[in-house]
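Before any comments, here is the structure.
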Amino acid sequence: MAYVELHARSAFSFLRGASSPEQLAETAVRQGLSAVALCDRNGVYGAPRFYATAQEHGLRPIVGSELTLEDGSVLPVLVKNQAGYRNLCRMITRAQLRAPKGESRIAWDELEEFHDGLIALTGDTEGPLHRPIFRGDGAGAEAGLRRLVRAFGADHVYVELQRHHVPGEERVMEALIELASAHHLPIVATNGVVYAEPGGRDVHDVFTCLRHHTHLDAAGLLLSANNQRHLKTPSEMADLFADLPEAIHNTGQLAERLVFTLSDLGYAFPSFPVPPGETMDGLLHQLTYQGARRRYEDFNEAVRRQLEKELELIGRLGFAGYFLIVADMVNYAREENILIQGRGSAANSAVCYALGITAVDPVKSELLFERFLSEGRKAWPDIDLDLPSGERREKVIQEVFRRYGKHGAAMTANVITYRGRSAMREIGKALNFPEDILKRFSDLFANGDFAHTIELEEQVERAGVPKSHARFRPLIHLYKRVYGLPRHLGQHSGGMVICQGRLDEIVPLENASMPGRVVVQWDKDDCEDLGIIKIDFLGLGMMAVLQDAVTLTHQRGHGIDLAQLPKDDAATFE
């Protein structure tokens, strides 16, 4: 069988990989690989983007992850089936939620608890066998292998072999082969990929310096010995392991066991609880007409026709639960005296208006419902809710967490990428440039962190690095390579994902930097691409001002309803 790469990290391993998931997938196709396993550190951060690009180019994407264990060793695991994926997500979630950001650890007994559907590789230089072998501790390596077999079962453990032409690796390989033989375990070759192409080594070295808070002149043995940890062709790997053809053969054999893809997520938007004998469609119909009679003084035939048209389509598309859940959160906010209002194309829906989600009458204003929802569109409706910023919005968000549980709801992530200032600052540190040069470069940005108002090379020169400087070209080269790669994970301003059942079986969850908040490991676009539905609870300072103003009108005896404000008030226009 042709070689399959079963151990690759992307830049979503945050300073431990130097290429985007998209670049890895595209390069793998060019190299003639039929499948690649993406194993980002302590998560599946890059999996959606890798999956989307792989699907587009005919590459089979395999899901995996590198898990940091309680002793500091790193264990790659591959997902065999849906049960394995759910176990992986739950195991990572548990470790992430109990630890400070970036410090998650998984206990050995948790591997036994969540092993079903997962296959373990023994890892590379950070693996639980390599580290004892490097220290000459054969008994420690033996004990580590026994623990892996006990946790996963002998038919779910593969002894991983890598050759990067570095000193000492043949001694390690001999010890690993002996262990595999003694325990009747298969061997498997990987290249431990951390960048797509050989040129990615430079970026990886910069990231290594950043991770260890040092610079290239002082990093020494922390840096890569060579540029061999890139995606190689099947023939290159076959030549590299010509003396161990079974290690190549076993990659294809193992890949055939790994049938799970992200198309098998099994995500479902929550059902809305209804009384016995009632349906969500029926309840939505009932609540819509109750609200319409309150909102419309003239409940005429035009209003009725529009409501029936919308309700029929909502029912046919299976979206009743979505409208009921959004309306329920709007009602909760109003009960707590929190101003809330739907924005955007939702204002084109008479159902949204009747339910109190929006404050614009689309019938009277002759707005086009199909701009919001139509049969030809595959996407779910998108209702963004505006709230007063600050404590009042946070109260609504915390109510969502309370209703769906800490494993049933989370904020979507926001992937913070290297941009102008941040990219130059980090690369400059690794290249050991003085702080004043990096500050001058940053000060030359006139438009935030995103746009160069002058050419990059001129900006670097103005910052104090002439073209004759030995590191002028490396600085420009690295800046362009690093720009746009993920730097760290933040949280979306207000997007929340909720799930029927356990969200932590769909995607790993982790703590946000803000207390009381939990985020999924994917951003809003990743979630949308995989059919995961979010609701936006957006904080606006103007909504706080509006709420205070409306409150004052009531206190002064002239209470107003925003939905009933006249659209042609002469004094207002004056």
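The values are calculated or read from the model by the stated rules, or taken from the named source; none is laboratory data. Keep in mind the model is a prediction, meaning the values are calculated, not measured. Because the Cβ atoms are built from the backbone with ideal geometry, glycine has one as well, and the counts that use them run over all protein chains shown. Protein only, heavy atoms only, side chains kept; ligands, DNA and RNA dropped before computing areas. Shrake-Rupley method; radii C 1.70, N 1.55, O 1.52, S 1.80 Å.
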Nonlocal amide H pairs with Arg487, under 5 Å, H built at 1.01 Å: Ile416, Thr417, Tyr418
Under the Karplus relation with 6.51, -1.76 and 1.60 and θ = phi - 60°, whole-Hz ³J(HN,Hα) for the range 532-546, x at Gly and Pro, equal 8, 8, 10, 10, 8, 10, 9, x, 10, x, 5, 5, 5, 5, 4
Through the Karplus equation 6.51 cos²θ - 1.76 cosθ + 1.60, θ set to phi - 60°, convert the phi angles of the range 218-223 into ³J(HN,Hα) values in whole Hz; use x for Gly and Pro. 10, 5, x, 6, 5, 7
Just the ratio, please: alpha-carbon radius of gyration of the range 278-407 over 2.2 N^0.38 Å, N its number of residues. 1.05
Would you calculate the separation in nanometres between label points at Glu174 and Glu246, each defined as 7 Å from the Cα along the Cα-to-beta-carbon direction? 1.9 nm
Determine the calculated [θ] at 222 nm for the chain from helices alone, applying -39500 (n - 2.57) to every DSSP H run no shorter than 4 residues and normalising by the residue count; nearest 500 deg cm²/dmol. -12500 deg cm²/dmol
Mind listing the long-range amide H neighbours of Ala35? Cut-off is under 5 Å, sequence gap 5 or more, other chains count too, H placed in the peptide plane at 1.01 Å from N. Glu5, Arg60
From the backbone phi of the range 472-479, what are the Karplus-calculated ³J(HN,Hα) couplings (6.51 cos²θ - 1.76 cosθ + 1.60, θ = phi - 60°) in whole Hz, Gly and Pro given as x? 5, 5, x, 5, 4, 4, 5, 4
Regarding the range 399-439, what's the average projected area of the Cα-atom convex hull, expressed in nm²? 4.8 nm²
Computed over the chain: relative contact order in percent, which uses C-alpha pairs under 8 Å that are six or more apart: 16 percent
If you count only protein heavy atoms and use a 1.4 Å probe, how large is the accessible surface of Arg421, to the nearest 10 Å²? 70 Å²
Scan around Met496 for amide H atoms under 5 Å from its own, H built in the peptide plane at 1.01 Å from N, and keep only partners 5 or more places away or cross-chain. Thr412, Ile535, Asp536, Phe537
Protection-proxy order for peptides 519-532, 342-355, each taking the mean of Cβ atoms within 10 Å per residue, highest first: 342-355, 519-532
Would you mind listing how long the range 68-135 runs along its three principal axes, going by Cα atoms, in whole Å with the largest first? 37, 29, 18
Over the range 344-422: Rg over Rh, Cα atoms, Kirkwood Rh: 1.09
Whether the range 380-519 is rounded, prolate or oblate, judged on the alpha carbon gyration tensor where a/c under 1.5 counts as rounded: prolate
Going by the alpha-carbon gyration tensor, a ≥ b ≥ c the square roots of its eigenvalues, is the range 88-168 rounded (a/c under 1.5) or, if a/c is not under 1.5, prolate (a/b greater than b/c) versus oblate? prolate
Modelled label reach - Ser263, point 7 Å along Cα→Cβ, the range 36-69 residues with backbone N closer than 18 Å: 36-38, 47-64
Once the piece of chain linking Glu297 and Leu313 is laid out straight, how much longer is it, given 0.36 nm per residue of separation minus the C-alpha distance between them? 3.2 nm
Run a plain Debye calculation on the range 166-284 (Cα atoms as equal point scatterers, no solvent) and give log10 I(q)/I(0) at q = 0.13, 0.17, 0.18 Å⁻¹, rounded to two decimals, same order as the q list. -0.76, -1.07, -1.13
Mind jotting down a quarter of the surface of the convex hull over the alpha carbons of the range 300-354, in square nanometres, one decimal? 4.3 nm²
Can you list the aspartates and glutamates whose alpha carbon sits under 16 Å from that of Lys467, skipping same-chain ones fewer than 8 residues off? Glu455, Glu457, Glu458
Residue among Ala268, Val507, Leu538 farthest towards the positive dipole end of the chain, charges placed on Cβ: Leu538
Let me know the shape class of the range 95-245, please: from the alpha-carbon gyration tensor, a ≥ b ≥ c as square roots of the eigenvalues, rounded when a/c is under 1.5, otherwise prolate if a/b is greater than b/c, or oblate. oblate
Taking every pair of alpha-carbon atoms in the chain, give the share separated by more than 43 Å as a whole percent. 33 percent
What lysines could a cross-link reach from Lys406, if we take a straight Cα to Cα line under 23 Å and drop same-chain neighbours fewer than 8 places away? Lys101, Lys395, Lys524, Lys534
Highest average packing first - 114-127, 170-183, Cβ atoms within 10 Å: 114-127, 170-183
For the chain, longest principal axis from Cα atoms; helix 169-182 axis from its Cα atoms; angle between them, nearest 10 degrees, is 80 degrees
At 0.36 nm per residue, minus the direct Cα-Cα distance, what do Met514 and Tyr332 gain on full extension? Give it in nm, one decimal, please. 63.2 nm
Can you give me the Kirkwood hydrodynamic radius for the range 15-110, using every pair of distinct Cα atoms, in Å to one decimal? 14.1 Å
What percent of all Cα-Cα pairs in the range 445-574 falls in each 5 Å bin, counting up from 0? 2, 7, 10, 11, 9, 8, 9, 12, 12, 9, 5, 3, 2, 1, 0
